[in-house]
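All remarks here apply to the structure that follows.
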Amino acid sequence: MCIGQFNYKNTKGMKGINRMASIKLLSLRFEDPAFRKLANIKIDFADRITLIAGHNGIGKSTILGLVSNGSGFTDSTYKSYFNKTFQGNLNEIIHLDYENELVNVQSSGLELPTPFIDYTVNGAPLTKSSTLTRRTSEQRVRVVVRNHPSGDFITKDNSISVGPDAKVPLPTIYLGMSRMIPVGESNPAWIKNTADKKILPEDAVFIRDFINSVIELEEDARNSEDITTSAIQGTKKTAKHPKYSYSSSCVSLGQDSLSAIATALSSFNKLKREMDESYPGGLLVIDELDAGFHPHAQTSLMSAISTAARQLKLQVIATTHSLCLIESIHPENFPKRRGKPLDSIVYITDSSSPRTAVNYTLSDIRRDMSLTIEAAPKKAKTKELKIYMEDEEAHFFLKRIITPALRARVKKEASVLLKMVPLSMGCDNLNSLPKHDDHFKTVLIALDADSSIKGKPEDTRNIIKMPGALDAQKKGLSPERTLYKFLKHLAYEKSGFPLARAKLIEKKVTSDFLKKYLVGGNVDMDDRDTAKNWMNKRLKYLTNWDVVGMWISEHSTEVKKFEDQLVSAATLTAKVTI
């Protein structure tokens, strides 16, 4: 058995062992000293798709190279449809400067950077360090992944072992920008298009259907299993194309890139069948995923990759500069999604000292991408909602009911500020205003308790009645008559309204004061003008002794009912437009 591969004999021979393998890439960690720009930064990877975004030169390709280098199958037992083993190698992805990044650092006695890659292997944690070493004969830098801590790693069921310097046995494919080399700009003699007679039918169908789900094929091609392998000699560019009505040399850059992605996915499809229960999942790493694709195709591509990743137990890690791709999986666009998200955005910000952005909204990402300064948000002016009442007497009564707490509740629930406007108008005229002018459908109308709301319920939702006392016939009383009846009881009766009596004692106001200054003598309160005159002449005492407040404390049920009606009416009325 090759070091770093699955121990098939142990897996198949042991009783009670679950042979379903699972390997997941968890994170990449950079500590001090920095690996290039990257220090003290942790990149967490999602279970399905991780998109990495950020400015040019910030370290995205370095991240892809390191995670690709950490895993793979190093022998040729299994090969992809690119005719390569399932592994990535850092020196084939990014260039490491032998002199500046290794020799000069060691000569100065400085510590070399060591990024760490975290995995779970059948549920057990495994950490790999990425160690820079030299090949003196070639004057070339190598990055070797070593178990951390050192020594052999083996799962409890002995099904998977990883040698001290071996790659983690997670089949890996890296797709770089070589997939985008334009065929039209290449030497025709180097271009090789051959009919693929060896590809298995199920993989041919996989490639065809995957491509068709992103960029629709012609009807004839949708029913064909023909596959053409296209390659450019002297480059890493290879891809398998479905049937077109034209040569595969004539495809667009987007179609070329799509075929390379489909070829990679079909390779995992083949591998999953070949390995059966020992298949541990896979890692597909793609540089510049959006390159060559129209925004609509990008959205379709993400959907197709998501489906394939779920079917093939893949983790897909890709870099992008596309807001369209970012929007397609950003959690902000999925507010109802519950549980741990399967996909994630890793946005790296600050080119000088890269760090992962935390809780960045789409607007934050867009602003950082374009380096635009966010304008200070203008404080939105809360809409004003007027509440009309019959007269000043009603205003005097109502302004004590509409407390700061009630105003705050209206603002919170209806998003409006109340403004009271007393008129000099009878209840019937006030009630009929909305019929004559639509403006009065956008305001509240508060009638005295002795009034009636006239009209259909759907036409009078903005009209409410103030609370008040009742007469012998259970008919509501106006504010002035309500207060007079209340004070008369306090002045001449020995019981009732204990809260109000306690307040009067606190204010050192006796029944004698009430009789002398408020309700002594005979007053015809049934006469509207007399009642108004009584109240206006006594406003000073009514205010200083907080008579309305005392009435409210004794009629909390009625007042609470009115408050709820007011909030409900305000909420509905605030939405009315004319």
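Every number in this text was worked out from the coordinates using simple rules, so none of it is lab data. Model, not experiment: these values are computed from the prediction. A quick note on method: Cβ atoms are made from the backbone with ideal geometry, for glycine too, and the neighbour counts reach across all protein chains shown.
Based on C-alpha pairs under 8 angstrom that are at least 6 apart in sequence, segment 258-405 has a relative contact order of 16 percent. The distance from the alpha carbon centre of segment 504-560 to that of segment 401-422 is 25 Å, rounded to a whole number.
When the inverse distances between all different Cα atoms of segment 158-237 are averaged and flipped, the Kirkwood radius reads 16.0 angstrom. Taken about its Cα centre, segment 481-552 carries a charge dipole of about 200 debye when Lys and Arg each add +1 at the Cβ and Asp and Glu each add -1 at the Cβ. Annotation: amide H-H contacts under 5 Å for Leu385 (H modelled 1.01 Å from N, sequence separation of 5 or more, or interchain): Leu417, Leu418, Lys419. Counting only residues at least eight positions apart within a chain, or on another chain, the aspartates and glutamates with an alpha carbon under 19 Å from that of Lys412 are Glu384, Glu563, Asp564.
What FRET efficiency, computed as 1/(1 + (r/R0)^6) with R0 = 60 Å and r the Cβ-Cβ distance, is obtained for Glu506 and Glu101, rounded to the nearest 0.05? Here the calculated transfer efficiency is 0.15. Per-residue 3J(HN,Hα) values for segment 547-560, derived from phi via the Karplus relation 6.51 cos²θ - 1.76 cosθ + 1.60 with θ = phi - 60°, read 5, 4, x, 5, 4, 4, 5, 8, 10, 4, 5, 5, 5, 4 Hz in sequence order (x marks Gly and Pro).
Tell me the Kirkwood hydrodynamic radius of the chain in angstroms, computed as one over the mean inverse distance between distinct C-alpha pairs.
Working: mean 1/r = 0.0327 Å⁻¹.
Evaluated on the chain, it is 30.6 Å.
Note on Lys561: lysines with a C-alpha under 17 Å away, same-chain residues under 8 apart excluded, are Lys399, Lys465. Cross-link partners for Lys24 among the aspartates and glutamates, with Cα-Cα distance under 13 Å and sequence neighbours closer than 8 places in the same chain left out: Asp44, Asp47, Asp118. The string of couplings for segment 415-420 from the Karplus curve (6.51, -1.76, 1.60, θ = phi - 60°) is 6, 9, 9, 7, 10, 7 Hz, one whole number per residue in order, with x for Gly and Pro.
3J(HN,Hα) couplings calculated from phi for segment 95-106 with the Karplus curve 6.51 cos²θ - 1.76 cosθ + 1.60 (θ = phi - 60°) are, in sequence order, 9, 9, 7, 4, 6, 6, 9, 10, 4, 5, 5, 5 Hz; Gly and Pro show x.
Shown here for segment 96-146: GluC sites (Glu not before Pro) in loop regions (DSSP other than H, G, I, E, B) with at most 14 other Cβ atoms within 10 Å, namely Glu111, Glu138. Expressed as an acute angle from 0 to 90° and rounded to the nearest 10, what is the orientation of the C-alpha long axis of helix 404-414 relative to the principal long axis of the chain? Roughly 50 degrees between the two axes. Qualifying trypsin sites (Lys or Arg not before Pro) in segment 188-270, where qualification requires a DSSP coil assignment and no more than 12 other C-beta atoms within 10 Å, comprise Lys197, Lys198.
Restricting to bridges with both residues inside the chain, how much of the DSSP beta-bridge set is antiparallel, in percent to the nearest 5?
Working: 42 of 76 bridges.
Given both bridge residues lie in the chain, the antiparallel proportion sits at roughly 55 percent.
Other residues within the sphere of radius under 13 Å centred on the Cβ of Asp527, judged by their own Cβ, net out at -1 (K and R +1, D and E -1).
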